[in-house]
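Here the structure comes first, spelled out in structure tokens, and everything after it is commentary.
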């Protein structure tokens, strides 16, 4: 039975989100279901979290199996099997090998990666890039290029430089042997407007980090784990980082983040250097392992690439058909429509037609549906966008 929403219910939540739309009570496949039974095609997927859609049998079975084991939480003072299995699978998939630290979110993963880089390199400065988004904690916010997010909380962590994305000379000047602990970059920017970084620039950063003795961190919190059609978004460039940060889809909707660390950095860390109460617990690790195995299946990834190629062609056709769209860009099932106007009214109009999309900056519509979405659902969603933009 669904209880009516009261004013008290709505105002009890801290007002740091401007929540919109109906009250959602259920989900199935690529659709969210409101309390009145109306269905909404979801091109948001919990902001690239719900990779396997809603009410996924993979996640349902993993949750039930984890409950049957009777272990929701065991302190990291002790060993449990699910986390060790998940770590082994992740390191086997990561070209850099190494070890894994589990946490609860992408921001935590990036904060931890900064600490690890400082301990290993014995330097202090972090280099990030324009358009970046790495989280809202103090160090990750300092590396995030969103002035409106940063301004109320300044001064943030000192020693973080944000330089123009793709600017070779600026990067050469900023990355130094004397100061730099790490360079962090998203191979495909999410919040910054869905922008893929040129492979040549990633390769240049690899060379600069090697020459300077600092760590190269790829933030794949949003673009990783199958979203671009390969398990890691960086695979398309052939560049191997020292650390990869993951989160969003990893836990299947449960809080889960991870830092993949190469052997050199792992060897610099000792007991007590970092910690987490809940990270890698047996319940969430059981679910994450099944999510990882599903997404990393070659046939599953091939399906994402096929659907992504179709979606890209369809969005480019949409862009060519209306002056309101400047450009369609993306990879796999991560796409942005750059508009010649503010995007928020378009997002609202799509929601009125039962399609959920979101923004990536003021003028970009972001499309990150479940990876299990069908061709028919993609066609339905793009048709609605055409109607809204027509």
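The values are calculated or read from the model by the stated rules, or taken from the named source; none is laboratory data. Only a predicted model underlies this, so the values are computations on that prediction, with no experimental measurement involved. Every residue, glycine among them, receives a Cβ derived from its backbone with ideal geometry; neighbour counts consider all protein chains shown.
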- Could you name every one of the helices (runs of 4 or more DSSP H) located completely within the range 1-103 that has at least 1 residues being closer than 22 Å to residue 368 by Cα? 45-48, 57-69
- Note on the structure: The correct count of residues that are surrounded by fewer than 17 Cβ atoms within 10 Å (Cβ to Cβ) and either touching a residue at least 24 places away in the same chain (Cβ under 8 Å) or touching a helix residue (DSSP H, G or I) at 6+ places or on another chain (Cβ under 8 Å) (or both) in the range 77-92 is 3
- Does residue 306 fit the bill of being under 24 Å from residue 56 (Cβ atoms), free of Cβ contacts under 8 Å to residues at least 24 places away in the same chain and under 23 Å from the mean Cα position of the chain (by Cα)? yes
- Determine whether residue 304 is outside the structural domain of residue 35 (by TED's automatic domain parsing) and closer than 30 Å to residue 86 by Cβ. no
- Among the numbered conditions (1) under 19 Å from residue 49 (Cα atoms); (2) in contact with a helix residue (DSSP H, G or I) (Cβ under 7 Å, 6 or more places away or on another chain); (3) outside any helix (DSSP H, G or I), tell me where residue 327 comes up short. (1)
- Task: Just one of (1) within 27 Å of the chain's Cα centre (by Cα); (2) surrounded by fewer than 16 Cβ atoms within 10 Å (Cβ to Cβ); (3) at pLDDT 95 or above trips up residue 37, so point out which.
- Result: (1)
- Could you give me the residue pairs with C-beta distances under 6 Å whose first residue belongs to the range 17-29 and is over 19 Å from residue 358 (Cβ atoms), whose second residue is in a strand (DSSP E or B) wherever it lies, and which are 6+ apart or on separate chains? 26/33; 28/54
- Task: Tally the residues that are outside any strand (DSSP E or B) and either in contact (Cβ under 8 Å) with a residue 40 or more places away in the chain or surrounded by 14 or more Cβ atoms within 10 Å (Cβ to Cβ) (or both), restricting the search to the range 354-377.
- Result: 14
- Item | Residue selected from the range 139-149 under the condition modelled with pLDDT under 95 and assigned to a helix (DSSP H, G or I), by the criterion surrounded by the most Cβ atoms within 10 Å (Cβ to Cβ) | 149
- Going through the range 171-186 in order, the residues found to be part of a helix (DSSP H, G or I) and either surrounded by 17 or more Cβ atoms within 10 Å (Cβ to Cβ) or modelled with pLDDT under 95 (or both) are 171, 174
- Would you mind finding the one in 211, 158 that is assigned to a loop (DSSP other than H, G, I, E, B) and farther than 30 Å from residue 307 by Cβ? 158
- If we scan the range 44-62, do we find a residue that is at negative phi, in contact with a helix residue (DSSP H, G or I) (Cβ under 7 Å, 6 or more places away or on another chain) and loosely packed, with under 15 Cβ neighbours inside 10 Å? no
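So which of 123, 189 is out of contact with any helix residue (DSSP H, G or I) (no Cβ under 9 Å at 6 or more places or on another chain), surrounded by 15 or more Cβ atoms within 10 Å (Cβ to Cβ) and either assigned by TED's automatic domain parsing to the domain that holds residue 214 or free of Cβ contacts under 8 Å to residues at least 24 places away in the same chain (or both)?
When all the criteria are applied, what remains is 189.
Would you mind finding the one in 380, 293, 351 that is in a helix (DSSP H, G or I), out of contact with any strand residue (DSSP E or B) (no Cβ under 8 Å at 6 or more places or on another chain) and either in contact (Cβ under 8 Å) with a residue 60 or more places away in the chain or outside the structural domain of residue 248 (by TED's automatic domain parsing) (or both)?
After applying the criteria, what remains is 293.
Would you say residue 226 is assigned by TED's automatic domain parsing to the domain that holds residue 111 and either farther than 16 Å from residue 100 by Cβ or surrounded by fewer than 24 Cβ atoms within 10 Å (Cβ to Cβ) (or both)?
Yes, satisfied.
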- Picking from 238, 280, which residue would you name as being in contact with a helix residue (DSSP H, G or I) (Cβ under 9 Å, 6 or more places away or on another chain), on the phi > 0 side of the Ramachandran plot and in contact (Cβ under 8 Å) with a residue 60 or more places away in the chain? 280
